[in-house]
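The values are calculated or read from the model by the stated rules, or taken from the named source; none is laboratory data. Owing to the predicted nature of the structure, the values given are computational and were not obtained by experimental measurement. Neighbour counts are summed over all protein chains in view; Cβ atoms, including those assigned to glycine, are modelled from backbone coordinates with ideal geometry. Remember, those area values only see protein heavy atoms, side chains included, never the ligands or the DNA or RNA. Shrake-Rupley method; radii C 1.70, N 1.55, O 1.52, S 1.80 Å.
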Amino acid sequence: MIEAILFDMDGVLIDSEPIILKAAMRLFADKGVTVKKEDFTPFIGTGDKRYLLGVGEKYGLDLDFEVEKLVLFSHYARIAKESGPLGGVIRFITNAKRAGMKIALVTSAVRMKMLLNLEAVGVEESIFDKVVTGDMVKRNKPHADIYQIASLLLGIDSKKCLVVEDALNGTVAGKAAGCTVLGLTTTFGREELFESGADAVMGTLDEFDDFSTSNEFNELLRGYVGVHGGTPFGANLIADPVKEMDEGVLRKAIAAALKARLNAYAPYSNYQVGSAIVSHRTKGVYPGANVENSSYGATICAERSALLRAIADEGVVGIECLVVVSSDSPPAPPCAQCLQVLAEFSRSDTAVHLLDVDAAEGRDGVHLVRRFDELLPHPFIFPSRRF
Ligand code: THU
């Protein structure tokens, strides 16, 4: 349940990327340096300092931001005056205030630019419950810090915050902070935004219907995530809707794991494990067995063996469900190394079925069902792609 909305500023409240781009190009032109539009792309959403100095470095210029920002922002203020707020922004903020939701402005830009933008948009700073600017943090977006600080200042758990972002660095920051992220396509495309972790993507806030209570807001948001979003599996986003897991498919997966267990190569431990992965996209069932090695550490567990088989067949898979059959009772969970590998392809709610041989063979045995995040609550996912 979302209780607060954290607005990025540039590209969310105002379409400022073209404005800052024009202003920065003008600044470099005044110095007799011709820079390209593409030079700025890697620095979008990282704050004006990186934006300017990053390109400066590329051209061998050692710029002092404290001096240059005055020039940059004087160009900026002039160009920004011609631009108003982005579509739907004022209506959306009005709805959020009426619904009693907390709102914060969380921008990687410095305070001076924030004030120029709010003036161009026609919004008072006091409308926001909190304002966090880039000059208040050491590590700017794509680090999570700025969104974590906003959630702390509001006193609302980041899991209950919606971040509205247009920049990939900002989406990554929002997700890394544990927020839900709504991406707007002001600056980047839908696919890029989804890939960077956005839960839902729309053109502008014009597409967000009116709401007057927080419940209505959350209901609308669930709809947008369902319609526009894919299903996040660890580091991968699979753009299929989630369907009910079919009982027949689960039975097939248990039978496949049981059969694979008999093929396990376990001459050293004599501990045979069978596993099966069900692919989210195709509902295909991929069995695996443990394969040991004279060099013990080279052993491959049943779960990773099943995953490798699924990927060899389908490419990137989303694990709809995982079955593990072992002789232990209660049955053994996947080892930590397997969980880490599986995390890349699992949802937090991916079902993990653990069965002893009796249960797998349909007799009276133990069949446990765990959510993936119960087994591995904090997987390591390479930070730039963390959900
Ligand atoms: N094993 C698995 O196949 N899956 C697990 O998650 C735990 C361990 C295998 C590896 C090895 O062949 C044997 O069980 C004993 O460690």
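Checking each residue in the stretch 25-46 for being open to solvent by less than 20 Å² (accessible area, probe 1.4 Å) and not in a loop (DSSP other than H, G, I, E, B) picks out 27, 28, 39, 40. Go through (1) more than 26 Å from residue 380 (Cα to Cα); (2) away from the ligand (no atom under 14 Å from the Cβ) for residue 293 and report which single condition fails. The single condition residue 293 does not satisfy is (2). Filter the stretch 187-227 down to residues that are outside any helix (DSSP H, G or I) and β-branched (Val, Ile, Thr) and give me whichever is surrounded by the fewest Cβ atoms within 10 Å (Cβ to Cβ). Out of the qualifying residues, it is 213.
Going through the stretch 306-319 one residue at a time, which ones are within 25 Å of residue 247 (Cβ to Cβ) and either within 11 Å of the ligand (Cβ to nearest atom) or open to solvent by 50 Å² or more (accessible area, probe 1.4 Å) (or both)? Listed by number, the residues that qualify are 306, 309, 313. Picking from 113, 22, 49, which residue would you name as being without any contact (Cβ under 8 Å) to a residue 60 or more places away in the chain and either of a type outside the set (A, V, I, L, M, F, W, C) or in a helix (DSSP H, G or I) (or both)? It is 22.
Summed over the stretch 296-305, residues that are open to solvent by 60 Å² or more (accessible area, probe 1.4 Å) and more than 10 Å from the ligand (Cβ to nearest atom) total 1. Contact map, the stretch 31-45: residues that are at pLDDT 95 or above and aromatic (Phe, Trp, Tyr) paired with residues that are assigned to a loop (DSSP other than H, G, I, E, B) and open to solvent by 40 Å² or more (accessible area, probe 1.4 Å), Cβ distance under 6 Å, separation 6+ or inter-chain. No pairs are found. Taken together, the residues in the stretch 358-381 that are within 26 Å of residue 238 (Cβ to Cβ) and either away from the ligand (no atom under 16 Å from the Cβ) or touching a helix residue (DSSP H, G or I) at 6+ places or on another chain (Cβ under 8 Å) (or both) amount to 11. From the list 355, 322, which residue is more than 13 Å from the ligand (Cβ to nearest atom) and either surrounded by 18 or more Cβ atoms within 10 Å (Cβ to Cβ) or at positive phi (or both)? Answer to the selection: 355. Please go through the stretch 254-295 and pick out each residue that is among the hydrophobic types (A, V, I, L, M, F, W, C), part of a strand (DSSP E or B) and open to solvent by less than 10 Å² (accessible area, probe 1.4 Å). Scanning the stretch 254-295 gives 276, 277, 278. Scan the stretch 330-350 for residues that are part of a loop (DSSP other than H, G, I, E, B) and within 15 Å of the ligand (Cβ to nearest atom) and the total you get is 6.
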